[in-house]
């Protein structure tokens, strides 16, 4: 013992960097380490009582063993799921003060069901525990999600083999979408998710599964279309089906006919119903092709293909209702604002937020575009997005100062509040960064941030007037477009290369605060988006390619329709040409 | 000991452990293809089939040099090399890839020729094969929307290394790619355009399917702009099986199964930092390439004694795949399967190479098994199973009836996925009759449950129950479906987000 004491003193004197946690070993312990004597065991934790200094585990023989320890002498390690490997490794055991080891934990981190490797001293007291948990991966669609408590969510997951799994999901569970943090409150029915589950088999037939992490599909698996038509042929070799006289559902109802439409169809992922009853793929192939039956098909964009995922066969073409609000929703039944009481069952194709959902996920307040059968049963229901302009606001202001790449101040500004601009005689500050997009008469300006300055001659923007799209104080797009005080609105019936054809056109007279029909004959107009113009839809700055037939839009112009007519057609509505106007700001209603 | 050494020596001289030198059906540059079609039943049965030395596949790739994804489509030509790593556990071979592709509007193109020298070393103890490649020739011209970029080979570098893990029924591989491609500035500027790519590669091939996925991180520096892209190219080729009934009444067959070989490649991309004009909805996308399916009709027996039997379809499938070969007239669905029969079934279905019985240069090794003689019809199959590690030497117990736990041990061992059961050796599986499962089988049964091969429904597994032919057909169908359809999901569907 003296020898060891002397060694300790020598080390203490000679090694000034000796860790403060170093402790002396008695001679027997030293010899045991020297000889490599180990008292070790493995098992699974079945109870843990940190406050009382012991836990119970089941060993390889099935014996339940009570393991005691002295907290001060116990080392606990457990590898978190995000640690790829034990980077420190065994060196950490050989030299415990070596460096920070993310595996180092306390006895309180040991959970019931953990697999453990333990070492004990010669008296049977545990000195070391290394724990690991078994993980499994589940991939599936959210069938239901209840997060009303705000603390724990209740998740029903249907995996791609059709098995149902039910989990409690705690608020602290990590959840990501496209590599970014996501909130549990943002989970929606119909979303596809990948769930990492820790699985603990507590006994014969007793399995405890805890959700450790959720990864949400970054909108790669969405309902891209709903078609109706007649099933012409199923090709099992290339896994496609042909739909004759196919029509796509758009904002204004069913679109034009396509003679034959080819769609990918993998029988293992399609669910099909015939007048309310599930039918097999073979039955469809034998009896429902080339017949008089009408089929409604939900198409999912996934893995680069347009895949049919649900089909609902009906004996005849059904009634399509005008979009209206759901005012009451009960299991199997909904009531519409227009008075209809509708039955809704599992055969109905229900699409919300571009995802296929269950009838019970319909909510009061949803705006539904429904197709119903003769006996008031829903064959298909498309939940339309809320008319939503988001947080985007449109400003116009004169530059007072620019703090390079950081922010700028306008002396005064006008705020567009549909359908007019409202002047505010006060300065306002907007932030700018790498994501702010700049436009001038040539269109998008690459590296526009670098020329958005108030010094020098060439690019000096002092006193220049800009139109600004902003969310809060953040400018997301800045344009040199002219003052656009005139508004025209209409329904899109064609979109081609930035030129939008409108019918049912009305012009706004701000002096009278009145909308006037453009043409009794409904000749319509075309609006061509200017190079420095913006399109705003559902609260987002988008391109003209995102506009859809059937949508109603407002077009902000520099000159009024009357002024353009006066200049180009002597004040008359043209009878043979269609009037084309330059649109600078287009907003979708 | 001498005897054992002699046996091992004999094994080394004839064991047909052959690997194809090229995994690269989608190349190593971010493209994808539908992959080379797997052997049909007829091809697998043909002992005189010559190895393929060159093939060309349809190909797609995205070009990101302009800060957005520009898709081009064309072909990839590659030359697979067959190496006998048992005979030559250390060696090298040449790989070559020729890629040409063009965008729909013709304004963007790729022309790339790449040659590698690949060194390999086989570790018989772990049954793992390491392949490391160095580039010996790389010419590349990329045209993006009219601007031409030419690769400067002197300034560019490329390295890839793959590790193959050869399980009895599946060959898995993983590895890394890292390269710097330096192009002369196509716009005539002073700066070179550099593209730095690091990628992780995962894949497998087996009798029913082959898949590969790459996780690629791409950094591009044009001198004035920097871009960053995450990209996941993947491909899968697999053998599907369908039944068709015959319409005429006066025909000897009610219908039959056919095999359809399919293949498709997908690239999912996310331009996290693109050009300034790139809209968010254009930054993320998926492109796909598919090939034309290949058909093969499969024979089917007439099993009159099974009319109405719940396992009739499963059993017919096994006959069609030539996994069952009992005379149909004498077939009994309730007859238990023996261990010997099951080993033979797995060897056939998983296309494990069977040594020739009439090869005088490489005769079958004698005395490998204590209870099967070299004259026994099972012997070549047992040797095949032994060579790949599906069974051990010594006692095989070929006439012993197979029970369920033995079956799962064989199945998981063939998959090489015993590691998924680690920790369960002496603990619980989720089944109510867990206490009846032998310790040696718990690992495999735990893993099989985890993989979904045994769906857990809170019930019993009956580990000691003998496996009848009817049970065997149903279990094997489920197992083969896993190999056809489910294993691939870990390499395509689940990897796409």
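Bear in mind these aren't lab numbers, they're just calculated from the coordinates by the rules spelled out. These figures come from a predicted structure and were not determined experimentally. Because the Cβ atoms are built from the backbone with ideal geometry, glycine has one as well, and the counts that use them run over all protein chains shown.
Quick notes
- Residue A:41/residue A:172 FRET efficiency (R0 35 Å; Cβ-Cβ; nearest 0.05): 0.60
- Shape of chain A, Cα gyration tensor, a/c cut at 1.5: oblate
- Mean-position separation - Cα centroids, segment B:345-422 and segment B:438-493, in angstrom: 20 Å
- Residue B:107-residue A:290 FRET efficiency (beta carbon distance; Förster radius 41 Å; 0.05 resolution): 0.45
- Both the radius of gyration and Dmax for the protein assembly as shown are 34.5, 115 Å, in that order, over alpha-carbon atoms.
- Contact order normalised by residue count of chain B, Cα under 8 Å, 6+ apart, percent: 12 percent
- Three principal axis extents of segment A:165-231 based on alpha-carbon atoms, in descending order, are 54, 33, 17 Å.
- Shape of segment B:17-296, Cα gyration tensor, a/c cut at 1.5: oblate
- Per residue, the convex hull spanned by the Cα atoms of segment A:416-494 measures out at 150 cubic angstrom.
- Backbone N within segment A:493-536 under 14 Å of label point (7 Å from residue A:562 Cα along the Cβ vector): A:507-518
- Based on DSSP H segments of at least four residues, each scored -39500 (n - 2.57), chain A has a per-residue ellipticity at 222 nm of -1500 deg cm²/dmol.
- Rounded if a/c under 1.5, otherwise prolate or oblate - segment A:406-462, Cα gyration tensor axes: prolate
- Average silhouette area of segment B:304-486, convex hull of alpha-carbon atoms, in square nanometres: 11.4 nm²
- In a fully extended conformation the segment linking residue A:446 and residue A:238 would gain 70.4 nm over its present Cα-Cα distance, using 0.36 nm per residue.
- On Cα atoms only, tilt of A:2-14 relative to the major axis of chain A in degrees: 40 degrees
- Nitroxide proxy distance, nm - points 7 Å out along Cα→Cβ at residue A:474 and residue B:399: 7.8 nm
- Zero-based 5 Å bins, Cα pair distances in segment A:196-264, whole percents: 3, 13, 13, 11, 11, 8, 6, 8, 10, 9, 5, 2, 0
- Take every Cα pair under 8 Å whose residues are at least 6 apart in sequence, average their separation, divide by the length of chain A, and the relative contact order is 7 percent.
- The label-point distance for residue A:151 and residue A:499, in a model that sets each label 7 Å from Cα toward Cβ, rounds to 6.3 nm.
- Applying 0.36 nm per residue to the separation of residue B:357 and residue B:145 and subtracting their alpha-carbon distance, the gain on full extension is 70.3 nm.
- To the nearest ten degrees, helix B:469-481 and the longest principal axis of the Cα atoms of chain B are 10 degrees apart.
- Under the Debye formula (equal points on every Cα, no solvent term), log10 I(q)/I(0) of segment B:156-314 at q = 0.13, 0.16 Å⁻¹: -0.83, -1.04
- Segment residue A:164..residue A:127, full-extension length gain: 9.1 nm, with 0.36 nm per residue of separation and the alpha-carbon distance subtracted.
- Rg/Rh, computed from the Cα trace of chain B with Rh as the Kirkwood radius, has the value 1.02.
- A Förster radius of 45 Å, combined with the Cβ-Cβ distance separating residue B:292 from residue A:578, puts the computed FRET efficiency at roughly 0.45.
- For segment B:17-296, the relative contact order is 16 percent, taking Cα pairs closer than 8 Å that sit 6 or more residues apart in sequence and dividing their mean separation by the residue count.
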